[in-house]
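The values are calculated or read from the model by the stated rules, or taken from the named source; none is laboratory data. Model, not experiment: these values are computed from the prediction. As a convention, Cβ positions derive from the backbone with ideal geometry for all residues, glycine included, and neighbour counts pool all protein chains shown.
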């Protein structure tokens, strides 16, 4: 049985979900060191001491002073009288003499220490701590015992900064005191002062005073944070020093709660107006909030010390971008990398700005030629991707036992590639002590590191990636005369919902009315409080017109049995009779009983009838549509059909444009024999397993063959820098000119696979050469350069600018991300600008789609929510579904839908979501699957007063002839009242689902569309002219006349 300490969610309370909660190891026991451990150079770690123990130590020193010959000569001096009073336990008398003693002996460390003891005797603890520290400083830290006493008393009164800074001064005098240095290193890590870490970590490595705990704490700090109890405890001891709350700000920022982070920083700065790290963080948080009014008032008052912090420059860079000043932003982001070469947000922002300037041919490019710009971009992109690989390699090692030599070598190799030579040396040294999974690369790697260290002993190698980049020629920003009212672009009126308000919107639960009750659900065999990993994903579903009668049919995937066995409840097929469904899976011979996950729908054999692939935790099953209402199992067409795997989502598409349908399989993780079991918590009880406990499983691309079979392209798995645990998939012409796959990964960077231009030529018989371009495309991570637990995918032209935007759901304490396509093939996280961060932070999102509920031409977003299990002190297990609508400011707002129906008034454990037009009325409807309850059919019954407004719609069905028959990748463009619109034929559709292959567009009050053009995936185009609204039109490749399929009812 695997061990894990996940208590509340995939997020460990102390560190992010990706690291499987190895907090006990990585926290370096800093809280104990700070508040309990002490740092005596002679006796090692011991109690930090109460005021009474501190007083006892000082009183013993005072007693020795009284016994000295000098004491007899100074019997009448205040110092002597104070020491006598101390010895006689006369605290008030002793303290009354403190002022006189300090005036008379300002440079005598023993006298100052006695004064500190007197202060402690009358419970003036903070004054006593400051005097003990003063004594150590006056003594120039000569006495380790005196330093240790001062450190402990400072810390016992909550003065963490003063305590650690005292130890730093002492280390100048005693650089070999590695115990002190370990405490200092841990303290700065916990207090989120990463700028103070390198000198101490390098010294510990040089002195061979490090261990694995130290490396786990200090190597990958983008996801480290202070123990939640530490700041509160220190504040309780000393409420006046709010600087320790910087650690709380880090946690809030990591959890994307920028509003609360701003409030805490304001408290810190009110108390410590010159605290530069907090000012720098404040600037970045204001920029993340896009609170530019506050930003422009803060900036002139920020202290000069801010300039030494990367976060300050990030804030300036973001502001410059908002003002459309890319050259100034470029300079700011480069300045941020100079302050912190490992700041992932800085490198991500620098990479994105360079790419945008290259693509837009910005005038600032003029002094340099194109090759120089491309070189800078590649350097920045390389370091960014290396930093992300380091994070993933580190998390894999830390989350899977911390005993794998191969894992440690992976970490060391990434560090070496980043020019972090000292850390690479330390990790290779640790790797030599690890015996599991031995790695033959270790000797050569260690020798290469040592060889380079002999010639370059800097913390970051002079020749490391990005170290020599120089963008100092670009201008610094000048925000002195910024007019926010005129300098920022206004939101187009086209991005505001036509109908103000939301009262007219409706989705109604008509599950029973349509005969779909008891379809799906109940996939948990064990308690949700235990939540074996295989129960977390639930099962999905989709739709197709399997009998070609023009009515959309429904498929529901089931699980509930044992994985790898065919003993789950059968998958269900429901035939649409026009006003209700009837179950036909037995008649259709489409009743798979594997441990179901999702499905793919597509015409893989190009005969005009849609086929089905069911994805399972076990063996996938392929069914060929016979065209007579029945299906035939065709598993023998799949390579390795009998090899079990955990496949979540899948899609049919033509990867290499040879006219044959290919198949992409999104897969999750290995560990088939352990996945159904719970893991052990720290308390030894059954609990949930963290996904990173099990190694990720690579995805597969299966290429369609002329004889009808599939074969694995290029090898067994698609190449990825770090395999992801894939959950959602989307295929189509996602950007301007190439077939692409977007894959939503759990806890690692998302992937976007793009076929190179030379493999897009028609009729290519070669394997599709898919390359992951997610980092350069901007969809790998969120705006903070962090991977999320991505799951569902919605795709639409959300900003009506003619290209495809993505909406990706994620885990709790994260947020669902809007990736806006800002130039062809380049996306940007614009979630906060659209008002969609805060509404999703405390939800666990799964299925999603972009749906124009009222057919006004502006899409709404709908999300199904639900946790992976029931946990104490965590987010709830069940959530309400959410609908978001554009408001009159152009942002998205949560639709208040509790009154719509009982379904929207109650929480659910939702999973997959797919869209369809169940009653052919031109309005999209929705189905949602759940873990505990059956699927639900939500029919769009948006208020009939839309008829008064004249809102209409149009539908398109596409059929390829030279390209694949499904026409996946086709793009339809047309104009509505003179405004351009675009629709995309996609496959995969997100998490474990398949939408109806019908393109629907709301037209507002338009009664027709003009200039209809279809760009087919093979590069050909057909024009269909003007088409009337309120109809579904059949568009066939190679023809110019559309055929009406039906009128909307």
_Quick test of your reading of the structure: residue 890 fulfils all but one of (1) in a loop (DSSP other than H, G, I, E, B); (2) within 30 Å of residue 689 (Cα to Cα); (3) over 24 Å from the mean Cα position of the chain (by Cα). Name the failing condition by number._
(2)
_Looking at residue 530 and the list (1) under 30 Å from residue 909 (Cα atoms); (2) surrounded by fewer than 19 Cβ atoms within 10 Å (Cβ to Cβ); (3) modelled with pLDDT of 95 or more, which single condition is not satisfied?_
(3)
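Out of curiosity, is residue 609 in the same structural domain as residue 630 (by TED's automatic domain parsing), farther than 20 Å from residue 727 by Cβ, within 36 Å of the chain's Cα centre (by Cα) and buried (at least 17 other Cβ atoms within 10 Å of the Cβ)?
In short, no.
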*asked:* Considering only residues that are surrounded by 24 or more Cβ atoms within 10 Å (Cβ to Cβ) and under 21 Å from the mean Cα position of the chain (by Cα), which ones fall in the stretch 842-858?
replied: 843, 844, 845, 846, 847, 848, 849
*Tell me, which strands (runs of 3 or more DSSP E) lie completely within the stretch 929-1034 with 2 or more residues that are at positive phi, crowded, with 21+ Cβ neighbours inside 10 Å and in contact with a strand residue (DSSP E or B) (Cβ under 6 Å, 6 or more places away or on another chain)?*
987-991
_Check on residue 377, within 16 Å of residue 313 (Cα to Cα) and touching a helix residue (DSSP H, G or I) at 6+ places or on another chain (Cβ under 8 Å)_ = no
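Touching a residue at least 40 places away in the same chain (Cβ under 8 Å) and farther than 29 Å from residue 649 by Cβ: does that describe residue 930?
Taking the combined requirement at face value, the residue does not satisfy it.
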*How many residues are over 13 Å from residue 130 (Cα atoms) and in a helix (DSSP H, G or I) when one looks only at the stretch 103-120?*
4
*Any idea how many residues of the stretch 591-610 are without any contact (Cβ under 8 Å) to a residue 40 or more places away in the chain and within 16 Å of residue 987 (Cα to Cα)?*
0
_So if I check each of 296, 268, which one is surrounded by 23 or more Cβ atoms within 10 Å (Cβ to Cβ) and in a helix (DSSP H, G or I)?_
268
*When you look at residue 92, is it within 18 Å of residue 131 (Cα to Cα) and at pLDDT below 95, yes or no?*
no
*Would you mind stating whether residue 798 is in a strand (DSSP E or B) and modelled with pLDDT of 95 or more?*
no
*Every residue from the stretch 172-195 that is under 27 Å from residue 311 (Cβ atoms), in a helix (DSSP H, G or I) and either without any contact (Cβ under 8 Å) to a residue 24 or more places away in the chain or out of contact with any helix residue (DSSP H, G or I) (no Cβ under 6 Å at 6 or more places or on another chain) (or both)*: 182, 184, 195
*Could we say that residue 287 is under 18 Å from residue 191 (Cα atoms) and assigned to a helix (DSSP H, G or I) here?*
no
_What's the number of the only condition in (1) in contact with a helix residue (DSSP H, G or I) (Cβ under 8 Å, 6 or more places away or on another chain); (2) at pLDDT 95 or above that residue 443 fails to meet?_
(1)
*Test set (1) touching a residue at least 24 places away in the same chain (Cβ under 8 Å); (2) surrounded by 14 or more Cβ atoms within 10 Å (Cβ to Cβ) - residue 428 fails condition number*: (1)
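Every residue in the stretch 801-819 that is part of a loop (DSSP other than H, G, I, E, B) and either more than 14 Å from residue 844 (Cα to Cα) or more than 9 Å from the chain's Cα centre (by Cα) (or both), please.
801, 802, 803, 804, 809, 812, 813, 816
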*Would you please list the contacts, defined by Cβ atoms under 9 Å and residues six or more apart or on different chains, that run from a residue in the stretch 349-362 that is touching a residue at least 40 places away in the same chain (Cβ under 8 Å) to a residue that is loosely packed, with under 15 Cβ neighbours inside 10 Å and not in a helix (DSSP H, G or I)?*
359/824
*Looking at (1) under 22 Å from the mean Cα position of the chain (by Cα); (2) outside any helix (DSSP H, G or I), which is the only condition residue 324 fails?*
(1)
*Out of 511, 537, 582, report the one residue that is in contact with a strand residue (DSSP E or B) (Cβ under 7 Å, 6 or more places away or on another chain), buried (at least 23 other Cβ atoms within 10 Å of the Cβ) and modelled with pLDDT of 75 or more.*
537
*Looking at (1) in contact with a strand residue (DSSP E or B) (Cβ under 6 Å, 6 or more places away or on another chain); (2) surrounded by fewer than 17 Cβ atoms within 10 Å (Cβ to Cβ), find the lone condition where residue 872 falls short.*
(1)
*Counting just the residues of the stretch 725-750 that are touching a helix residue (DSSP H, G or I) at 6+ places or on another chain (Cβ under 8 Å) and free of Cβ contacts under 8 Å to residues at least 60 places away in the same chain, which one comes out surrounded by the fewest Cβ atoms within 10 Å (Cβ to Cβ)?*
725
